[in-house]
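Reviewing the structure listed below.
What follows is calculated from the coordinates using simple rules that are stated; it is not laboratory data. Remember, predicted model here, so these are calculated numbers, not experimental data. Every residue, glycine as well, gets a Cβ built from its backbone with ideal geometry; the counts of neighbours run over all protein chains shown.
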Amino acid sequence: MLLSELWELINREPFGYRPKTTVVESYEMAYGPTVDSFVKHISEVHLARPAGHYNGNTYSETNYLIAGGGVITHSDLSRIWNSQDGIGQVATSAYCLFLGAGGRLAMSNDSQMFNLRTDHPTLPAQRMYSDRTIERTVSEATERAFGFPLSVNRYSGSEITLHVGNVSSPETMPPSEEYLRELFELPLLRDQGDGVRAFIGMLLPIVTSQYPLVIIDEPEAFLHPPQAYLFGKLLSEQRNNGTQIIIATHSEDIIKGVASVGSSENISISRITRANRGNSVSQIDTSALRQLFTDPLLKFYPVLGGLFSQGTILCESDSDCTYYRAILDSQPDVEGVKSAARKNVHFSYGNGLSRMARMADVLIAAGVPAAVIVDIDFLRDDADFSRLVTVMGGTPEHFKTHRNVISSVVSGWGSKVNRIAARARTAAAFDSSADKFLSNSEIKEIQESVSPVSGWRRLKADGVQILSGNSISSFRVIDQGLRELGIFVVPCGELERFHKDVPSRNKAEWLRVVIETERFKSSTEARLLIDSVIDYIAEPRSRSSAGTRGRKRED
């Protein structure tokens with residue numbers, strides 16, 4: 001909707017009626033300081049003709065032949081410049097290009113030959129014909145994307161044809177019979193699949209700098225993920241060639257490609273969401289976004305999908321995501337905001353609280369409602385606690401007193417290793433099998449038997465039910481405060497404790513059993529937890545979901 005409204009506003013006649021828009025409140029166009037500066041682009045790209053009689057029409061002043069057969073006069077351009085509001089259909093075809101699904105395919109078509117002495121090349125194929133640097137740039141990009149170059153056939157008589165592949169024979173003047181034979185045997189671009197044609201069709205007007213403004217709706221259409229990523233990367237690489245490019249996308253591959261370049265100069269990424277009250281626009285920090293998929297660990301986690309969802313739930317591991325997703329998918333549909341949040345929520349994981357905080361930081365800045373589910377020992381480490389609470393919009397000091405109460409109680413639960421008990425457990429582990437090598441579970445059993453018992457380990461195993469008195473009161477205060485920030489503590493300690501009847505030494509095996517036997521449907525405690533998370537995603541209350549650190553507009 002954004003692009004179609006913007007196009008309608010630009011395309012309307014100067015001083016004409018301004019159509020009602022839903023998303024676009026206003027826009028600004030740089031018409032140049034003078035009429036001559038505004039005319040400069042057309043005079044460089046399109047054929048200027050003196051006053052005279054052309055194709056049955058008489059023109060009393062300089063006029064310009066626009067691609068597609070349109071004609072615009074110098075007086076028309078002066079009127080547009082004076083209006084500073086809309087440029088009309090004919091001028092739009094010279095200054096701006098809108099590429100929908102069909103338009104991008106047409107851009108890769110062959111074209112008629114033009115008069116090299118009297119005409120200007122206006123179509124993409126004509127521009128490549130007249131400029132071998134442009135041809136080389138497009139050909140190299142095509143080879144990066146699909147594994148084959150692009151060749152321009154300059155010897156087809158009245159037609160300029162585009163071919164995929166290259167010619168091994170050298171091009172001479174005049175061309176040799178061998179060169180022409182190889183060239184004409186190359187497959188035609190127009191006969192290729194939609195993916196190849198769409199990729200080249202979008203790239204051509206950008207590389208040729210034919211239009212000051214190019215608008216592309218859903219550039220990922222027809223493209224496989226690797227090509228979508230490369231196209232986004234090429235957009236960034238071409239960002240300083242004189243063409244402004246505006247795209248609307250739902251592809252994280254496009255976003256990754258756009259943000260992959262080393263510099264964020266002249267690159268702007270915004271997230272637009274629509275609610276009943278209007279539209280919210282949040283600016284995304286391109287550098288921070290790039291760090292997410294260049295980090296050796298974070299790059300393999302599906303966090304960017306959150307940009308296209310109603311909200312994101314961050315968990316500590318992939319198993320947690322699978323479990324909570326299964327609960328959501330098993331619940332009946334309901335109407336309203338909560339139902340939309342349940343259907344459109346995105347799950348991701350960080351395998352570590354510090355990485356989860358970094359993920360949340362970028363999502364929050366982009367205006368994505370973000371919630372985090374953590375094990376109860378999250379309350380233990382000062383650094384992890386402070387980092388995540390701060391990112392989610394809270395003040396760690398506000399929780400300090402109550403955390404100290406819990407830490408004091410839990411620390412007193414620790415115990416030393418009993419020699420007799422440890423010997424018995426290790427002996428049992430060694431005697432449990434006649435195999436030559438110890439299994440992972442046996443190694444874990446031996447390690448646990450000789451390790452001091454931590455009070456936090458006990459709390460993680462048994463959950464908040466073992467707290468009492470001041471400690472349980474403090475936990476309730478902390479839990480309420482964290483939930484208001486979008487941080488949800490697993491009340492039973494950790495994921496595996498939702499189903500204590502299933503052996504949990506191997507988490508992957510535990511998850512398999514729980515999912516296959518549908519035990520996840522029976523845990524009221526887990527369902528209440530994920531319901532609370534969805535409530536938060538649907539009606540966020542903290543800055544973590546409002547995107548207050550990004551640029552936001554509601555209208």
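Key figures
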| read-out | value |
| --- | --- |
| Segment 1-71: chymotrypsin sites (Phe, Trp or Tyr not before Pro) in DSSP loop, at most 14 other beta carbons within 10 Å | Phe15, Tyr17, Tyr27 |
| Efficiency of FRET between Met29 and Glu265 - r from beta-carbon atoms, R0 22 angstrom, step 0.05 | 0.50 |
| Separation of the Phe437 and Gln480 label points, Cα + 7 Å toward Cβ, nm | 5.4 nm |
| In segment 405-478, the chymotrypsin sites (Phe, Trp or Tyr not before Pro) that fall in loop regions by DSSP, at most 12 other Cβ within 10 Å | Phe437 |
| For segment 241-246, Karplus couplings with θ = phi - 60° (6.51, -1.76, 1.60), whole Hz, Gly/Pro x | 8, x, 10, 7, 10, 10 |
| Virtual spin-label span in nm between Asp382 and Asn166, 7 Å along Cα→Cβ | 6.2 nm |
| The chain: calculated mean residue ellipticity at 222 nm from DSSP helix runs of at least 4, using -39500 (n - 2.57) | -13500 deg cm²/dmol |
| Fraction of beta bridges assigned by DSSP in the chain that are antiparallel (%, nearest 5) | 55 percent |
| Peptides 361-369, 174-182 ordered by average Cβ neighbours within 10 Å, highest first | 361-369, 174-182 |
| Given charges at Cβ of Lys, Arg, Asp, Glu: segment 179-306 dipole, positive-most of Ile216, Leu292, Gly242 | Leu292 |
| Out-of-range pairs (alpha-carbon distance over 30 Å; input Lys256/Lys343; Lys416/Lys460; Lys444/Lys500; Lys256/Lys444; Lys436/Lys507; Lys416/Lys507) | Lys256/Lys444 |
| Gap separating the Cα centres of segment 452-476 and segment 182-223, nearest whole Å | 62 Å |
